[in-house]
Structures are given as structure tokens and as C-alpha cells.
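The values are calculated or read from the model by the stated rules, or taken from the named source; none is laboratory data. Predicted, not measured: the structure shown is a model, and the values here were computed from it. FYI the Cβ positions are ideal-geometry reconstructions off the backbone, even for glycines, and counts take in every protein chain you see. Please note that ligands, DNA and RNA were not included when accessible areas were found on the heavy atoms of the full protein model with its side chains. Shrake-Rupley method; radii C 1.70, N 1.55, O 1.52, S 1.80 Å.
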Amino acid sequence: MTFTYRYRKQIIVFSFLIMIVCGGGAFLFMTLKAEPVEAKQILKVEKKEEKEEKRVDIKTYKVDIKGEIINPGIYTLNKDSRVIDVITEAGGLTEFADTSVINLSKKITDEMVIIIYNYEEVKEFAKTKEREAILQQNCMEGGNYELKNDACIENKEDTISLPTNSKVSLNTATKEELMTLPGIGESKAIAIIEYREQNGLFEKIEDIKNVSGIGENVFAKIQENITT
């Protein structure tokens, strides 16, 4: 009996054990090598989820604006936008717009309805001794539109900066204050400001007729509401 035949069984068992040990080592090596890749993949997924959460935070509202506006319709704006931003997005006011009953600085809400009235409509609102109360009520009820106007001034805390019984100074008024005048939209308000910056302060209210786009008809509407 030779040496090989005598110890064949032990050699086979030993070889089998070596194969098991080598296989286990290879598996362990591959597992440890794969961990960093898996960790990177998890990190990428977490970052992607964070970005998606941030995107969800950016909320928008849909607002319906109509009346004396250049491009009436439904607009989508950021939730922090205000009525004046909706007006700007819709192309600005027409020359017949009167925003004296509208709170231009009011924050928008989803499905909000904004109605911009003309000078004659606001004049009709005011034909009463209880001017302030009826003006507010008519505005909120939507006037001829038969819709609730969500942009109306609703209480004393919600008023625009310019009181209804005060006059607008042509030399110091902001664009928003000038836009409260009947017949003065955004483009005319900007033209007034540019005129005084280029030509100096207005010496008398009649000088406003020198501004492009403001003639006798517009002046007749605003002369009782302006001062230098």
C-alpha cells in the first residue's frame, strides 16, 4: 500500500476544508468592498429626498383677476405674492381703473378673485351718506360682477396706506399711491415719477398734464385728489 493511497481520504478532507475557507474569505472580501458603494447610494437617495421636500415647500396659488386690467384671467403666483403682484403679472391696469377701494398690499390666497373697478363704478359706490360702509359692502359683493371681491379693504387694519379723504402728492407719492387715483394705472404712475425725476418737482397740479398720456379728461378725474 503506497503513501498516496493510504492518506487519500485525509487529503480529500483537507482540500475540501481549504476550499471552504477560501470561498468564505472571498465572500467576506466582496461584502466589505460593496459596503462603501451601498453607503454612497443611500446618501444619494437621502439627498434626493431632501431636495424633493424643499421643492414641496414652494407653494403657489391660482388667482382670478378681472375688470379694468390689461390681461384678465387666471394666474399662478408664489404664495407670498400680493394683489399688486397679480396686477403686474396681468399686464397692469387700464386707464379707466380705480383702485381706491382695493388693498394693493393684501397677500393673495388660493382661488382668490380680484376685481378692478372703473372710475364710474367706484363713483356709484360712493353715492350715499354712509360712504365708507356702503363702499366696502359694494366692493365685497362684487358690484356688477355678482362675485365676492377678495381684494377689497375689509376693516381699518386692512386699509391701504393712503386714506380715502387725503390728497396724493405728485412730488412725493410712490407708484402704488399714484395708482389709487382714478384713471392712473401702472404705466401712467411710472410716467409721473419719471417726469418729476427728469424735470424737477411739480409747481402746480396742472403741470401733470405735461406728462405723456395724461390729458384733460384724466386731469378732470383726479384734480380734486392731487396736490403738489
Residues in region 113-127 that are at pLDDT 85 or above and open to solvent by less than 20 Å² (accessible area, probe 1.4 Å) total 4
Scanning region 219-228 for residues that are in contact with a strand residue (DSSP E or B) (Cβ under 8 Å, 6 or more places away or on another chain) and surrounded by fewer than 18 Cβ atoms within 10 Å (Cβ to Cβ), the one nearest to ILE116 (Cα to Cα) turns out to be THR227
Of those in region 200-218 that are among the acidic types (Asp, Glu) and not in a loop (DSSP other than H, G, I, E, B), the residue most open to solvent (accessible area, probe 1.4 Å) is GLU216
Picking from VAL63, VAL86, the residue that is aliphatic (A, V, I, L, M), buried (at least 20 other Cβ atoms within 10 Å of the Cβ) and assigned to a strand (DSSP E or B) would be VAL63
Of GLU197, GLU130, the only residue that is farther than 20 Å from ILE87 by Cβ, of a type in the set (Asp, Glu) and either modelled with pLDDT of 85 or more or surrounded by 19 or more Cβ atoms within 10 Å (Cβ to Cβ) (or both) is GLU197
So, first residue among the acidic types (Asp, Glu) in region 200-217, second residue open to solvent by less than 30 Å² (accessible area, probe 1.4 Å) and not in a helix (DSSP H, G or I), Cβ within less than 6 Å, six or more apart or across chains; the pairs are none
